[in-house]
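Here is the structure we will look at, set down as structure tokens.
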Amino acid sequence: MAVLWVWVAAFAAYRTAPASTTQAAWIGGVTLLAANVAYFAVGLLARSAAGLPLVGGIRFFVLWATVGLATGPVAGALGWWLMSRRRAVAAVAVLAAVSIAEPLALWMHIDHLDAHLAYIGVAAVGSSFSLVWFRQAWRDAFLAVALMLVLIYPMAVALEATLIAFGQISAPMRIV
């Protein structure tokens, strides 16, 4: 699930407390690129050890590195926004909505019980994120949940269309 990597990039930017959104975006981009390199290096080593061709792994690395370079800076900026009380509502809502939109977009395309259990877990964590982050500020938690609910469906449709365009899933769009 790619949303877990988005959380990592956002929290890397949040924890390093950069001075600006630009620095946070760089931190998010570098974090996702480093995560991609590490993930696919291990995958390529495993493919090589198993005697499988490396071409497919390299193609997926290029695809996901490109996605990471696009989403990493956004995730980093969201992490920076978490430091500001005024912007944190939007950042939490977007991170929570992505956490539910990805499982929603993939649910009909991947028919494995273990995948569906993972989707439910990620969606549960994502949906509770605003309540945990704003545990002392119920008005902000309510606003974040309301914004999250508005964002989930459009994000899921956009993600599903993007995955189909990149050839990651081939089934027709069913959540539209």
(request) Kindly indicate the residue of the range 36-73 that is of a type in the set (G, A, S) and crowded, with 19+ Cβ neighbours inside 10 Å and also nearest to L163 (Cα to Cα) among those meeting that condition. (result) G68
(message) I'm trying to understand the selection: among the residues of the range 1-20, which are crowded, with 18+ Cβ neighbours inside 10 Å and either more than 13 Å from the chain's Cα centre (by Cα) or among the acidic types (D, E) (or both)?
(response) A12, A13, Y14, P18
(message) So, A75, is that one in the same structural domain as D140 (by TED's automatic domain parsing) and closer than 30 Å to Q136 by Cβ or not?
(response) no
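Yes/no per residue for (1) within 16 Å of the chain's Cα centre (by Cα); (2) surrounded by fewer than 18 Cβ atoms within 10 Å (Cβ to Cβ):
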| site | (1), (2) |
| --- | --- |
| A77 | yes, no |
| R86 | no, yes |
| V89 | no, no |
| P103 | yes, no |
| M108 | no, yes |
| I120 | yes, yes |
| A124 | yes, yes |
| S127 | yes, yes |
| L131 | no, yes |
(request) Assess whether A144 counts as being at pLDDT 80 or above, outside the structural domain of R15 (by TED's automatic domain parsing) and surrounded by fewer than 17 Cβ atoms within 10 Å (Cβ to Cβ). (result) no
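The values are calculated or read from the model by the stated rules, or taken from the named source; none is laboratory data. Since this is a predicted model, take the numbers as computed values, not measurements. Because the Cβ atoms are built from the backbone with ideal geometry, glycine has one as well, and the counts that use them run over all protein chains shown.
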